[in-house]
Amino acid sequence: MPPPRRTFTRAELEAFRDAEVPDLLPEPGQPLRLLFVGINPGLWTAAVQTHFARPGNRFYPALLRAGIIERAIDPASGMTDEDRDYFRARGLGITNVVPRATARADELTPEEYRAGGQRLVETVERTRPGVVAVAGITAYRAAFSARRAVVGRQPEPLAGAELWVVPNPSGLNAHDTVESLAAAYAEPARAAGIL
């Protein structure tokens, strides 16, 4: 049974500014087929220690619509242990370009993005996913000084992993719907052998 939905005041959320959220990665011995990479944790995500948790974020609905996960996950109050185990067993993982929580991604500095790009390379070298999907073209461009990069499969791998850039699922990204996000996320999932 999912936990009751949490609510937070603005002041409560502000207390989580600069907090970090641990990467969600498979246990030793479990394969990591597809590593999703967010920009950085939002304050709600930091509060519940679950990636893409803010109500209105379309990440998990898009994964469900694409068939990447086969049951709904409601992260707004934090993933349950059962949700985490299920997600990892699917060969999925989540990390961020920048680990510190902010109210908005535009609060991050160019130096943080560049350091985050190096951190991501190290994470990929350590965890060896088959495919990496960075959710946010602006963050990818900033982290890797790739000003001309476009959404889709990138021409060069990242530390040996096939690299994709996919749209950001934040509710602030009005250009995409759950349907269009599902279609975009399905492509790296197919490349990873999940679909």
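The values are calculated or read from the model by the stated rules, or taken from the named source; none is laboratory data. These numbers were taken from a predicted model, which means no experiment stands behind them. We place every Cβ from the backbone using ideal geometry, glycine too, and count neighbours over all the protein chains shown. Ligands, DNA and RNA are stripped out before the accessible areas are found, and what is left, the full protein with its side chains, is counted by its heavy atoms. Shrake-Rupley method; radii C 1.70, N 1.55, O 1.52, S 1.80 Å.
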How large is ³J(HN,Hα) for each residue in segment 174-182, as worked out from phi by the Karplus curve 6.51 cos²θ - 1.76 cosθ + 1.60 (θ = phi - 60°), to whole Hz, x for Gly and Pro?
6, 6, 10, 10, 4, 5, 5, 5, 4
Please pull out the direction-averaged projected area of segment 120-195, using the convex hull of its alpha-carbon atoms, in nm² to one decimal place.
5.2
Convex hull of segment 1-85 built on C-alpha atoms - directionally averaged projected area, nm²
6.2
Would you pull out the residues with amide H under 5 Å of ALA159's amide H, same chain only if 5 or more places away, H placed 1.01 Å from N?
none
For segment 83-96, what does the Karplus curve 6.51 cos²θ - 1.76 cosθ + 1.60, with θ = phi - 60°, yield as ³J(HN,Hα) per residue in whole Hz, taken in order and with x for Gly and Pro?
4, 4, 4, 4, 4, 5, 5, 6, x, 9, x, 9, 9, 10
Along the Cα→Cβ direction, 7 angstrom out, place labels at LEU64 and ALA174. What is the inter-label distance in nm?
2.6
Pop the C-beta distance of ASP18 and ARG148 into the FRET formula with R0 = 41 Å and round what comes out to the nearest 0.05.
0.80
Report the residues of segment 94-123 in range of a label on ALA159: point 7 Å along Cα→C-beta, backbone N strictly under 17 Å from it.
94-100, 113-123
I'd like the carbon and sulfur percentage of the solvent accessible area for the chain, probe radius 1.4 Å, heavy atoms only, ligands and nucleic acids excluded.
52
On average, how much accessible surface per residue is there in segment 1-94, in Å², for a 1.4 Å probe, leaving out ligands, DNA and RNA?
48
Total charge dipole magnitude, the chain, about the Cα centre, Cβ charges on Lys, Arg, Asp, Glu only, Debye to nearest 20:
340
Would you pull out the residues with amide H under 5 Å of ALA53's amide H, same chain only if 5 or more places away, H placed 1.01 Å from N?
THR45
Which whole-Hz ³J(HN,Hα) couplings does segment 35-42 yield from phi under the Karplus relation 6.51 cos²θ - 1.76 cosθ + 1.60, θ = phi - 60°, glycine and proline marked x?
9, 7, 10, x, 6, 6, x, x
Residue order for GLU14, GLU125 - accessible surface, 1.4 angstrom probe, largest first:
GLU125, GLU14
Given H placed on each backbone N at 1.01 Å, which residues far from ASN96 in sequence or on other chains put an amide H within less than 5 Å of it?
GLY38
